[in-house]
Amino acid sequence: MSERLPDLIDLWAFVEKKRRIKGSLPLSRMDRLSDLLLNPAGEAQVDLSFGREDKVAVVEGRVEADLTLQCQCCLEALPWPVRSEVRLGLASSIDEANRLPDEYEPLLVPDEGVLPVADIVQDELLLAIPSIPRHPQCVSPEPDDRSTAAAGHPFAALAQLKTKLSSE
Ligand SMILES: [Zn+2]
């Protein structure tokens, strides 16, 4: 089950050869991701195919992982299963990225054409993580939790503005 993925992907060469890579990648190898995990044990399952659709060089497939985040309310473990469909369009410049069909997320290819596979997998997983992880039962604000109520209230600024205007 733990097939080895190549460490580096030569993007244009993989596209031309229509390569498919499949295997697992330790979560601890992805530093930006593992910073966000309560426990960076475990692996991501990766299945990616390279090729062309019409004139677009694409990477398609799946990235899956059972992450353990930390709830930002109670600080306990928050299991976060990720089952992500990957649909990337390769672009060598921002201009090219802007011209990609809407169904593809742009993947900017560096000049040398080579990216660590961990970068692609990590970006997919990061996209699937909420900016403030919380248990569903922790989301409803506590009545005595004044700091989040004040900071997060969308109308707080408006109310201040109204007060200011009416006092003028
Ligand atoms: Zn919680």
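Note on VAL59: accessible area approximately 0 square angstrom, rounded to 10, probe 1.4 Å, nucleic acids and ligands left out. ASP31 exposes around 100 Å² of accessible area when a 1.4 Å probe is run over every protein chain in place. With a Förster radius of 30 Å applied to the beta-carbon distance between ARG62 and ASP95, the computed FRET efficiency rounds to 0.55.
Ranking of ARG99, ARG87, ARG52 by solvent-accessible surface, largest first: ARG99, ARG52, ARG87 (1.4 Å probe, protein heavy atoms only, all chains present). Here region 101-122 is scanned for amide nitrogen atoms under 16 Å from the site 7 Å beyond the Cα of ASP10 along Cα-to-Cβ, giving 110-117.
The values are calculated or read from the model by the stated rules, or taken from the named source; none is laboratory data. As the structure is a prediction and not an experimental result, all values here were calculated from the model. Positions of Cβ are generated from backbone atoms using ideal geometry, with glycine treated the same way; all protein chains shown enter the neighbour counts. What goes into the accessible areas is simple: the full protein's heavy atoms, side chains included, and nothing from ligands, DNA or RNA. Shrake-Rupley method; radii C 1.70, N 1.55, O 1.52, S 1.80 Å.
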